[in-house]
Amino acid sequence: MGKKKAKCIGILTSGGDCPGLNVAIRGVAKAAMQQHGMKVIGILDGFRGLVENRTMRLDQAAVSGILTRGGTILGTSRDKPHKMPMGGELRDMTAVAVENAQRLQLDCLVCLGGGGTQKNAYHLYKEAGLNVLTLPKTIDNDVFGTDITFGFDTAMTIAAEAIDRLHTTATSHHRIIVCEIMGHNSGWLPLGAGIAGGADVILIPEIPYDLNVVAEHLLERQHSGKRFSLIAVAEGAISKDEAKALEASLEKGKKKKKKKDSESVKADEVGGVHLVQEPMASRLARSLQHLTGIEARVTSLGHVQRGGIPSANDRLLCTQFGTTAARLLAEGQFNVMVAKRGMECLPVPLKEIAGRRKDVPLDHAWVLSALDVGSCLGAKL
Ligand code: F6P
């Protein structure tokens with residue numbers, strides 16, 4: 001890794017979109033152009049655009065007026081350079097991606113994305129020597145090595161507001177309302193929004209729940225005169241029994257994978273564990289209605305959480321991430337992720353980040369606060 005200062009950079013957005021992507025693109029591009037005299041090229045639709053050589057020039061006009069716009073002006077995809085669906089099969093397009101980056105004369109490829117993107121960017125650097133720099137984006141807040149990811153604050157605000165709204169109707173009808181919030185593997189979003197919205201029960205993937213503990217909590221509330229309950233549940237929350245079944249399936253999957261090492265094993269693809277067959281909130285609501293005798297309803301927030309304008313906090317964070325990235329590129333610091341630590345943004349080697357996930361630790365301050373205000377987390381902790 002040299003210290004050659006970047007003169008020409010490419011930017012791509014990869015993985016699920018979120019509010020703040022355009023702010024980050026703007027932050028990198030404006031600072032790179034205005035402060036460091038770089039040329040900036042936008043790569044369309046994530047790593048697929050790099051492979052298919054689809055780009056746009058990011059000049060002053062292109063990054064003007066996008067501060068409040070949701071989504072990403074570059075488009076995004078979940079494609080991986082080394083396992084890209086091409087003509088009905090998965091192909092390793094790493095060499096093509098690197099060839100195209102060279103043809104564009106990129107000194108560094110700036111990749112804005114979540115955990116998968118960190119891995120893909122690291123792959124391009126490690127396996128093919130392409131200089132990369134990443135920013136941590138995801139509403140899930142689960143990228144390793146950074147205090148916070150961008151997109152999280154906006155999504156949490158949207159989810160908390162939804163819980164507020166559900167509260168009034170749950171109260172009027174004396175119902176349980178189960179609100180499903182995004183987060184397949186990590187529960188930062190439902191936990192944060194659940195606390196902010198005063199949810200009575202918060203279920204996250206890190207804490208497999210016991211249905212009886214939840215039902216008891218709801219009945220206790222009813223006996224104490226509270227005739228409604230709000231449940232914030234992560235889309236990836238699982239019961240204790242499911243957690244056990246999943247573990248066993250993953251073990252089986254790992255053994256299978258050793259035999260046929262072609263595709264990655266996903267928790268919801270192995271052993272018939274039914275995490276994605278029916279939204280978990282519906283199953284949960286049905287079971288709780290049955291156990292408590294209280295009428296239950298379900299709201300799944302879905303992609304509403306990822307849409308629309310970024311919050312002021314996210315705008316600030318993305319601008320700080322973007323301008324720090326430009327500064328690092330101007331210094332020739334590559335193959336790092338820009339992380340937020342306290343008030344600072346600083347570079348962390350990608351090899352320390354790639355392939356790791358930041359889950360909610362069970363002794364996290366938010367977990368303790370949730371318990372202290374009487375929220376049930378689905379298990380006796
Ligand atoms: O990675 C962000 C995220 O919004 C997750 O919370 C969610 O599980 C997933 O993306 C949904 O992905 P898609 O938009 O591809 O359905």
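The values are calculated or read from the model by the stated rules, or taken from the named source; none is laboratory data. Every value quoted in this text rests on a predicted model; they were computed, and no experiment measured them. For neighbour counting, all protein chains shown are included, and Cβ atoms are generated from backbone atoms with ideal geometry for every residue, glycine included.
Listing for the model above:
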item	result
Some residue of segment 293-311 being acidic (Asp, Glu) and under 11 Å from PRO19 (Cβ atoms)	no
One residue from ALA326, ALA312 being buried (at least 20 other Cβ atoms within 10 Å of the Cβ) and among the aliphatic types (A, V, I, L, M)	ALA326
Single unsatisfied condition, LYS126 versus (1) more than 19 Å from LEU346 (Cα to Cα); (2) under 14 Å from the mean Cα position of the chain (by Cα); (3) basic (Lys, Arg)	(2)
Restricting segment 1-49 to residues that are part of a helix (DSSP H, G or I) and surrounded by fewer than 19 Cβ atoms within 10 Å (Cβ to Cβ), the residue that is nearest to the ligand (Cβ to nearest atom)	MET33
Filtered residues of segment 357-381 (kept if touching a strand residue (DSSP E or B) at 6+ places or on another chain (Cβ under 9 Å), on the phi < 0 side of the Ramachandran plot and assigned to a loop (DSSP other than H, G, I, E, B))	LYS358, SER375, LEU377, ALA379
Close pairs (9 angstrom Cβ cut-off, 6 or more residues apart or separate chains): within 16 Å of the ligand (Cβ to nearest atom) and among the polar types (S, T, N, Q) in segment 290-306, at pLDDT below 95 and not in a helix (DSSP H, G or I) anywhere	SER300/PRO279
Test: residue in segment 320-338 that is modelled with pLDDT of 95 or more, within 16 Å of the ligand (Cβ to nearest atom) and assigned to a strand (DSSP E or B)	no
Test: residue in segment 205-213 that is at pLDDT 95 or above, within 14 Å of the ligand (Cβ to nearest atom), of a type outside the set (D, E, K, R) and buried (at least 17 other Cβ atoms within 10 Å of the Cβ)	yes
Odd one out for LEU67 among (1) more than 16 Å from the ligand (Cβ to nearest atom); (2) over 24 Å from ARG306 (Cα atoms); (3) of a type outside the set (Gly, Ala, Ser)	(2)
